[in-house]
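Peer 1: Questions regarding the structure given below will be posed in turn.
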Amino acid sequence: QVQLQESGPELVKPSGTLSLTCAVSGGSISSPNWWSWIRQFPGKGLEWIGEIYHSERPNYNPSLKSRVTISVAKSENQFSLRLSSVTAADTAVYYCARNVNWGRTFDIWGQGTMVTVSS
Amino acid sequence: DVVVTQTPLSLSVTPGQPASISCKSSQSLLHRDGKTYLYWYLQKPGQPPQLLIYEVSNRFSGVPDRFSGSGSGTDFTLKISRVEAEDVGVYYCMQSVQIPPYTFGQGTKLEIK
């Protein structure tokens, strides 16, 4: 059973860069799946950030595209998120998720990690 | 972006009674491939969202048959035939007909009376 686990700093300073990693266990990052980052704001709204496939260019939410980088580390079986120039509006729970390969949705999610942007 | 709007934003239901949540999209979710890309999730307290329904009306693995989805075009509905205590949480609809980005509704909080 595939499991996902997010890790990274819980506190990031304004104008800094948020960096998170999602470790994939029980399966391979090179399986025929895309992998996504999704965040949930304190008011509970969900926002898709972007997705990556192990051998293709990532897709990003146009609203975040200028600040986001998603990458894969095959040897470590993980993928990562970098979000630059953060502000308090980027405070959220960040989830990594697996895209299904039979549709356009997400079937497995990590437990999420809360990231606060504050000085 | 395709906007999806849920109503109501909250509802309180007596156990054993039915519940219904509406999701409307700003454009048709019917793709030229013939599929309709509308999904339903439930987020239980302290957990990530879990997939309930895919492509309008198909229950995901392990989802009880008291959950059903229906609709077409821009109007969709999630129904729970008999609400149980374990159904509490926030329900989200999500569209993926036009990506990026995938977009979610605001969520509907279900409470038990």
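Peer 1: How many angstrom lie between the Cα centre of the range B:57-98 and the Cα centre of the range A:37-59?
Peer 2: Distance between centres, Cα-based: 22 Å.
Peer 1: How large is the charge dipole for the range B:44-102, taken about the Cα centre, if only the Cβ atoms of Lys, Arg (+1) and Asp, Glu (-1) carry charge, to the nearest 20 debye? Provide the component values of the computation, followed by the final result.
Peer 2: Numbers: 5 positive and 6 negative charges, 8 e Å.
So the magnitude is around 40 debye.
Peer 1: Charges only on Cβ, +1 for Lys and Arg, -1 for Asp and Glu: so what's the dipole of chain A about the Cα centre, in debye to the nearest 20?
Peer 2: Working: 10 positive and 8 negative charges, 46 e Å.
In total the dipole reaches around 220 debye.
Peer 1: Mind checking the dipole of chain B: about its Cα centre, +1 per Lys or Arg Cβ, -1 per Asp or Glu Cβ, Debye to the nearest 20?
Peer 2: Values: 10 positive and 9 negative charges, 21 e Å.
Dipole of chain B, to the nearest 20 debye: 100 debye.
Peer 1: Another one. Quick one: Kirkwood hydrodynamic radius for the protein assembly as shown, alpha-carbon pairs, angstrom, one decimal? Each step should come with its number before you reach the end.
Peer 2: Details: mean 1/r = 0.0550 Å⁻¹.
One decimal place: 18.2 Å for the Kirkwood radius.
Peer 1: Quick one: which residues, 5 or more positions from B:THR36 or on another chain, have an amide H under 5 Å from its amide H? H modelled 1.01 Å from N in the peptide plane, none for Pro or chain starts.
Peer 2: Amide H to amide H, under 5 Å and 5 or more residues apart or across chains, B:THR36 pairs with B:HIS31.
Peer 1: Measure up B:LYS24/B:LYS44; B:LYS35/B:LYS113; A:LYS44/B:LYS79; B:LYS35/B:LYS79 against 31 Å on the Cα-Cα distance and list the ones that go over.
Peer 2: On the way: B:LYS24/B:LYS44 23 Å; B:LYS35/B:LYS113 37 Å; A:LYS44/B:LYS79 22 Å; B:LYS35/B:LYS79 21 Å.
Check vs 31 Å cut-off fails for B:LYS35/B:LYS113.
Peer 1: The range B:20-50: which trypsin sites (Lys or Arg not before Pro) are DSSP loop and have at most 15 other beta-carbon atoms within 10 angstrom?
Peer 2: Sites meeting the loop and neighbour criteria: B:ARG32.
Peer 1: Pull up the cross-link candidates among the lysines for A:LYS74, meaning alpha carbon to alpha carbon under 27 Å and not fewer than 8 places away within one chain.
Peer 2: Straight-line reach from A:LYS74, under 27 Å: A:LYS65.
Peer 1: Label-point separation (nm) for A:GLU56 and A:LYS44, each offset 7 Å from Cα along Cα-to-Cβ?
Peer 2: Taking the simple label geometry, A:GLU56 and A:LYS44 are separated by 3.4 nm.
Peer 1: Taking +1 at the Cβ of each Lys and Arg and -1 at the Cβ of each Asp and Glu, which of B:LEU51, A:ILE29, A:VAL86 sits farthest along the dipole of the protein assembly as shown towards its positive end, judged by Cα position relative to the Cα centre?
Peer 2: A:VAL86
Peer 1: For the range B:1-86, calculate the relative contact order in percent as a whole number, restricting contacts to Cα pairs under 8 Å that are 6 or more residues apart.
Peer 2: Across the range B:1-86, relative contact order equals 33 percent.
Peer 1: Would you work out which of B:THR108, B:THR5, B:GLN17 lies farthest towards the positive end of the dipole of chain B? Charges go on Cβ: Lys and Arg +1, Asp and Glu -1.
Peer 2: It is B:GLN17.
We did not get these values from a lab; they are worked out from the coordinates using the rules stated. Computed from a prediction, not measured in an experiment: that's the story for all the values here. Neighbour counts run over all protein chains shown; Cβ positions are idealised from the backbone, glycine included.
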